[in-house]
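In what follows, a single structure is set out as structure tokens and then discussed.
None of the figures in this text is laboratory data; all of them are computed from the coordinates on show. Predicted model, so just to flag it, every value in this text is computed and none were measured. Backbone-built Cβ (ideal geometry, glycine too); neighbour counts: all protein chains shown.
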């Protein structure tokens, strides 16, 4: 994510974001399924970790957690959780081969420009170990636009997202759709996909 306005929003509202979503990880069935699918002590990447609440839950489950976020204020919050190795890094910093048992990208890649998504997904697929688990959460719809607080979003429908994953060798094994409020307080439709290599 390189959109300056989006980064500025997250930097300014890091504490607010952490307070608002602090309890979500403990009640997130997608996160619980993700953790359960990984080997004990497995290495995971939380891509776009925000304040690190999901990363903290993964660390509590005895996983080795690396957490990336491009916003220093978010990384400081994430790094405060025991067992979380957090650093200032973005989608372009996912490199290497066969590194992670799982990659968790929960409502983070929705800030990537559509033209960059194939590259990002290919890098994630390469970084996953054979049979590794990938979770992606996105808002559904079409096109790109800014939300009321200035963040830039790229929207996808199920078929397009599933196709993009297939193109990089990832197979969708589960999908969930829903509707909820984000940091902007606006109700939005979303989809979460679980996939493996």
* Asked: Once you put a point 7 Å from the Cα of residue 175 and another 7 Å from the Cα of residue 92, both along the Cβ direction, what distance in nm separates them?
  -> 3.1 nm
* Quick one: if the Förster radius is 35 Å, what FRET efficiency do residue 186 and residue 122 give, using the C-beta to C-beta distance and rounding to 0.05? -> 0.65
* Cα gyration tensor category, rounded, prolate or oblate, for region 9-113 with a/c compared to 1.5 -> oblate
* Structure fact -> Rounded to the nearest 500, the 222 nm mean residue ellipticity computed for the chain from DSSP H runs (n ≥ 4, each -39500 (n - 2.57)) alone is -9000 deg cm²/dmol
* Structure fact -> Across 115, 54, 126, the residue with the highest GNM fluctuation in the chain (Cα network, 10 Å cutoff) is 115
* **Prolate/oblate/rounded call for region 4-196, Cα gyration tensor, a/c under 1.5 rounded** => rounded
* Asked: What nm distance separates the two modelled labels at residue 60 and residue 115, each placed 7 Å from Cα along Cα→Cβ?
  -> 4.2 nm
